[in-house]
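Engineer: Right, I'll just put the structure down here and ask away after.
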């Protein structure tokens, strides 16, 4: 049984890795699309700041995932593994087709789907955290769009008498900072979701791990009031390594196909997305970095003219957002039923 728990923790970090390579495009698409950095330099830059989030953003989102959405009493290793497998499957499908869906919502949907498969709809703790999470499917891209639009308008007004060449050179440098801030925001919100899943797993097996000694005693977690340091470090390491592996299929969609960006636009989009994500993270709300940065890119593109945004592509992305939670949930439920028939707990 202990080996099974350890294996699930490994799978959780594999999900975190897939989150990194799936969502790396969120951090690097604009800076690659504006040609400020090459793809290789951009992923190294993004991965570094993914990890830096370990020291800056706290653990409010992890605690929300660990105890605020699913009844911890019905969680067991099969529920956690089923949820992870559903989320990983959806991540890989959308990555293969180059669709920037939300890894965050895939994980939340997978976790919920596996829990419902075990205990019915009563497994869901309907309340504040679900209201916030579902609301922010709509709110986060709108906030990103509004802030991106407003910031871009302000920049255009401030620099309207400045030589375009000077503006371009200034924001090529400034975009390094905005990209770093977005990567930090991405790591800070997304890595915590994996931490929350692992916390739920460790609490569910605390009777088993309480008697362990040596290194295995670090698996003991009596409740979800704090995140073990080793879980934090491993989660941020996994998502950073995933970002290093790149997300080239999705980069093409995020960086070039929604709208064309110059460095000034990249700066505005990244800054707007980062501010929105960091605000949600400080409130303990699990949001989608994909949703938020896409909204920011659309907002920046719309300052040129509405037709500058390729709304057809943006529309297909929105449809992917809407089906992510139920699709991952269904896959996770199937995975749970298979696991439950094989692994008797």
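Engineer: Out of every Cα pair in the range 1-148, what percent are spaced more than 23 Å from each other?
Structural biologist: I get 45 percent for the Cα pairs in the range 1-148 exceeding 23 Å.
Engineer: Testing the spin-label approximation: label points 7 Å from Cα along Cα→Cβ at residue 161 and residue 215. State their distance in nm.
Structural biologist: 6.6
Engineer: Tell me the label-point distance for the pair residue 206, residue 7, using the 7 Å Cα-to-Cβ offset, in nm and rounded to one decimal.
Structural biologist: Going by the 7 Å Cα→Cβ label model, 2.6 nm.
Engineer: Here is a follow-up. How high is the FRET efficiency from residue 230 to residue 319, r the C-beta distance, R0 35 Å, rounded to 0.05?
Structural biologist: 0.35
Engineer: Still on this structure: Specify the angular offset, from 0 to 90 degrees and rounded to the nearest 10, of the alpha carbon long axis of helix 311-342 from the longest principal axis of the alpha carbons in the chain.
Structural biologist: 10
Engineer: Let me ask something else. May I ask for the Rg/Rh ratio of the range 1-86, computed from Cα atoms with Rh as the Kirkwood radius, given to two decimals?
Structural biologist: 1.08
Engineer: Nearest 10 degrees is fine. How inclined is helix 229-245 to the longest principal axis of the chain, computing both from alpha carbons?
Structural biologist: Taking the Cα atoms of the chain, the angle to 229-245 is about 50 degrees.
Engineer: Could you give me D for the range 21-70, from Stokes-Einstein at 25 °C and 0.890 mPa s, where the hydrodynamic radius is the Kirkwood radius over C-alpha pairs? Units µm² s⁻¹, please.
Structural biologist: Roughly 195 µm²/s, to the nearest whole number.
Engineer: What is the calculated FRET efficiency for residue 35 to residue 304, with r their C-beta to C-beta distance and R₀ = 22 Å, to the nearest 0.05?
Structural biologist: Step by step, r from the Cβ atoms, then E = 0.75.
Engineer: So, in Å, what gap is there between the alpha-carbon centers of the range 221-237 and the range 62-130?
Structural biologist: Between the Cα centres of the range 221-237 and the range 62-130 lies a distance of 18 Å.
Engineer: Using only alpha carbon pairs under 8 Å that are at least six residues apart, calculate the relative contact order of the chain and give it in whole percent.
Structural biologist: Rounded, it is 39 percent for the chain.
Engineer: Starting from 0.36 nm per residue, how many nanometres of slack lie between residue 60 and residue 169 once their C-alpha separation is accounted for?
Structural biologist: My answer for the length gained is 35.4 nm.
Engineer: What relative contact order, as a whole-number percentage, does the range 60-208 give when Cα pairs under 8 Å and 6 or more residues apart are counted?
Structural biologist: 45
Engineer: Classify the range 120-215 as rounded, prolate or oblate from the Cα gyration tensor: take a ≥ b ≥ c as the square roots of its eigenvalues, call it rounded if a/c is under 1.5, otherwise prolate when a/b beats b/c and oblate if not.
Structural biologist: oblate
Engineer: Then there's this: Could you give the angle, 0 to 90 degrees to the nearest 10, between helix 164-204's Cα long axis and the longest principal axis of the Cα atoms of the chain?
Structural biologist: 10
Engineer: Summing -39500 (n - 2.57) over the DSSP H runs of n ≥ 4 in the chain and dividing by its residue number, what mean residue ellipticity at 222 nm do you reach, to the nearest 500 deg cm²/dmol?
Structural biologist: Result for the chain, helices only: -25500 deg cm²/dmol.
Every read-out reported here was derived from the displayed coordinates using simple, explicitly stated rules and does not represent laboratory data. Predicted model, so just to flag it, every value in this text is computed and none were measured. Neighbour counts are summed over all protein chains in view; Cβ atoms, including those assigned to glycine, are modelled from backbone coordinates with ideal geometry.
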